[in-house]
Amino acid sequence: MDTPARSRDLSAAGAALATPHADKSGQAGSDTDTDNTVGSADPESTARLIALRLLESQPRTRAELERALARRGVRPDAATAVLDRFVDVGLIDDEAFAQAWVTSRHAGKGLGRRALTVELQRRGVAAEAIGAAVSAVSADDEEIAARALVSRRLRTMAGLPAQTRVRRLVGMLARKGFSQALAVRIAREAVAASAAETSTGGDSDDRCAESDGTYGERTETPAERAAGAPC
């Protein structure tokens, strides 16, 4: 996932952000501090180095960086000061992060708006930024993504009873963050269309009549139970 923060030269930005706090020898804080060194005379320098190294590996939200700095024992005031400066210069941009996350995860993983919202909440993105980013995924976008997921999954279900296929497809779409109503509708339509293509006359109805609605010891989800039979 690419964001404005990731496209910057982090090393150069880090040098520009450095605050010349003097240590006991009168020298500016050293950039040779390691991630685990939090007891230097310049805690902000330590916080800055840790945050830059984390950003070099992948884009992160402010909340993710705050948690990482806390785990490393960085003083809260030092962390806040450094992260405030990172926000000021664009090294941290939660709105851009959210937009890039939604684009990547919806296109790459086929996630629905609900799943995208949960993922961004876990990363500490503010509700307003989440809403703006997720709103870029329209109802039509969700339906296209759901149909593509169902089409791929349905190919692996040859020989299963129609009702079992519907339940499994609904469960898969629910885990991907799609609403129950959308999941049930698309699953039923896809299974019915598949049955129509392969039927030689009444096979779909017979398959439904023979299905007992169970599969081994697996427990149905509420969404799957609501799906019912497509017959």
Which of the peptides 159-165, 192-198 is most tightly packed, and how do the rest follow, judged by the mean count of other Cβ atoms within 10 Å per residue? 159-165, 192-198
Protection-proxy order for peptides 85-94, 182-191, each taking the mean of Cβ atoms within 10 Å per residue, highest first: 182-191, 85-94
Just to check I understand the Karplus step: with θ = phi - 60° and J = 6.51 cos²θ - 1.76 cosθ + 1.60, what whole-Hz values come out for the range 189-194, glycine and proline as x? 4, 5, 5, 4, 5, 5
For the range 141-148, what does the Karplus curve 6.51 cos²θ - 1.76 cosθ + 1.60, with θ = phi - 60°, yield as ³J(HN,Hα) per residue in whole Hz, taken in order and with x for Gly and Pro? 4, 4, 5, 4, 5, 5, 5, 5
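A short reminder: the numbers here are calculations on the coordinates, not readings from a lab. Keep in mind that this is a model prediction, so the values were computed, not measured. Every residue, glycine as well, gets a Cβ built from its backbone with ideal geometry; the counts of neighbours run over all protein chains shown.
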